[in-house]
Amino acid sequence: MKALVKTALGVGHLEVIDREEPQINADQVKIKVKYAGICGSDIHTFEGNYKVAAPVTLGHEFAGEIVELGANVKDFKIGDRVTSETTFEICGTCRYCQEKKYNLCATRKGIGTQQDGAFTNYVIARKESVHRLPEHVTFLDASITEAAACAYHGVDKATIHQNDIVLVLGPGPIGLLVAQIVKAKGGTVVMTGLTQDSKRLAEAKTLGIDYTVDIQTESPRTVIDGLTEGYGADICFDCTGAVPSMQMGMDLLRKQGQYIQVGIFAKNEVVVDFSKIIQKELVVSGSRSQNTHDWEPTLDLMNSGAIQAAAMITHKMKIDEWDKAYKLLKSGEAIKIALEPLA
């Protein structure tokens, strides 16, 4: 079968090559891939900024149909429409595994990073990671479930009250998903972006986001102060991983506001104004990936239409069109791209 493989670390080294069809063990399922979404981490991997266990087939956002079951798999049947968590292997004994916080297991291996992923025809998943698709969630919708679960995981770090003013910094895929989930929880969303993000800010409005701000032509301070009588936003989610964005977010929060870092910084060490955290008594949290408990509520939100997955998937392409997909994503013309296997 043809697969889109990161053949070596460093910039580039992403090739469509022949790979053997994977075989399952007693506790796994084989899934025929229908669609697999391109994640920001796939972009970082291509650019040499994210380490994977090369050579490895990329692709960890996917949906498909079960075509083979291991002997110990009792909760699914062949033909089930499913998606899967990225967790493929864990130690099973650490305190985080015992609490099913698999994203924090020190020896965790993930699909599409340490284990061959879904930019191909068939992918293997452990039975505990598989989730059946609800009635109104299509294969195409479900190709972004993992991204939506990451967004849900971040939003779940905050306590959101009805009509709280919530800043979502960055109108990328995760930011747009975070904003929709915040809306579903009763928050009023102010989303910020740059002039080059105009298409994505426009899409945010069609998704029901309350306010959008181009910070290069408008003042987010004016908008926030007008909505909060000058107190500041209740909650801020930074989905950019940009230091100026982080600083702006903390500045726009009210005293005792909640700040959640969802976006990943380009460098591990960044300058943080801790006096602002102290003087304003901010509650600061980090959010890493997603966890098993995030998936079912995420699928429920997709099934109800609270997360409008189809509206975010702007392009469908084959895995051998990676170069074109990469350019569309880097230019901001595309929001999410779903890749299809080659026949």
Query raised in the report: Only one residue in LYS255, LYS267, LYS324 is closer than 30 Å to ARG81 by Cβ and either in a loop (DSSP other than H, G, I, E, B) or of a type in the set (Lys, Arg) (or both), so which one is that?
Result: LYS324
Requested in this report: May I ask you to list the residues in region 276-313 that are surrounded by fewer than 16 Cβ atoms within 10 Å (Cβ to Cβ), among the hydroxyl-bearing types (Ser, Thr, Tyr) and not in a helix (DSSP H, G or I)?
Outcome: SER285
Report task. Keeping to region 88-119, report how many residues are touching a helix residue (DSSP H, G or I) at 6+ places or on another chain (Cβ under 7 Å), of a type outside the set (A, V, I, L, M, F, W, C) and either open to solvent by less than 30 Å² (accessible area, probe 1.4 Å) or without any contact (Cβ under 8 Å) to a residue 40 or more places away in the chain (or both). Result -> 3
Query raised in the report: So HIS136 clears everything in (1) in contact with a Pro (Cβ under 7 Å, 6 or more places away or on another chain); (2) in a loop (DSSP other than H, G, I, E, B) except one condition, right? Which one?
Result: (1)
Report task. Assess whether LYS77 counts as being open to solvent by 10 Å² or more (accessible area, probe 1.4 Å), without any contact (Cβ under 8 Å) to a residue 24 or more places away in the chain and either out of contact with any Phe, Trp or Tyr (no Cβ under 7 Å at 6 or more places or on another chain) or among the β-branched types (Val, Ile, Thr) (or both). Result -> yes
Report task. Answer yes if at least one residue in region 141-152 is open to solvent by 30 Å² or more (accessible area, probe 1.4 Å), assigned to a loop (DSSP other than H, G, I, E, B) and at pLDDT 95 or above, and no otherwise. Result -> no
Query raised in the report: Which residues, taken from region 243-261, are more than 23 Å from the chain's Cα centre (by Cα) and open to solvent by 40 Å² or more (accessible area, probe 1.4 Å)?
Result: ASP251, ARG254, LYS255, GLN256
Query raised in the report: Can you name the condition, by its number, that VAL223 falls short on among (1) surrounded by fewer than 21 Cβ atoms within 10 Å (Cβ to Cβ); (2) farther than 18 Å from ASP164 by Cα; (3) in contact with a strand residue (DSSP E or B) (Cβ under 8 Å, 6 or more places away or on another chain)?
Result: (2)
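So that you can scan it fast, the table gives a plain yes or no per residue for (1) polar (S, T, N, Q); (2) open to solvent by 30 Å² or more (accessible area, probe 1.4 Å); (3) in a helix (DSSP H, G or I); (4) under 27 Å from CYS150 (Cα atoms):
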| residue | (1), (2), (3), (4) |
| --- | --- |
| LEU4 | no, no, no, yes |
| LEU9 | no, yes, no, yes |
| ILE17 | no, yes, no, no |
| GLN23 | yes, yes, no, no |
| ALA26 | no, yes, no, no |
| LYS30 | no, no, no, yes |
| VAL33 | no, no, no, yes |
| TYR50 | no, yes, no, yes |
| GLY64 | no, no, no, yes |
Query - region 156-189, residues that are touching a residue at least 40 places away in the same chain (Cβ under 8 Å) and assigned to a strand (DSSP E or B) - result: ILE165, VAL166, LEU167, VAL168, LEU169
**Report entry** ASP273, sole failed condition from (1) surrounded by fewer than 21 Cβ atoms within 10 Å (Cβ to Cβ); (2) touching a Ser or Thr at 6+ places or on another chain (Cβ under 8 Å)
**Finding:** (2)
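So that you can scan it fast, the table gives a plain yes or no per residue for (1) charged (D, E, K, R); (2) out of contact with any helix residue (DSSP H, G or I) (no Cβ under 6 Å at 6 or more places or on another chain); (3) open to solvent by less than 10 Å² (accessible area, probe 1.4 Å); (4) on the phi > 0 side of the Ramachandran plot:
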| residue | (1), (2), (3), (4) |
| --- | --- |
| PHE139 | no, yes, no, no |
| ILE165 | no, no, no, no |
| GLY187 | no, yes, yes, no |
| THR195 | no, yes, no, no |
| ARG200 | yes, yes, no, no |
Report task. Inspect all residues belonging to region 222-235 and state whether any of them is of a type in the set (Phe, Trp, Tyr), touching a residue at least 12 places away in the same chain (Cβ under 8 Å), assigned to a strand (DSSP E or B) and closer than 23 Å to LYS157 by Cα. Result -> no
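The values are calculated or read from the model by the stated rules, or taken from the named source; none is laboratory data. Predicted, not measured: the structure shown is a model, and the values here were computed from it. Note that we place each Cβ from the backbone using ideal geometry, even for glycine, and neighbour counts take in every protein chain shown. Please note that ligands, DNA and RNA were not included when accessible areas were found on the heavy atoms of the full protein model with its side chains. Shrake-Rupley method; radii C 1.70, N 1.55, O 1.52, S 1.80 Å.
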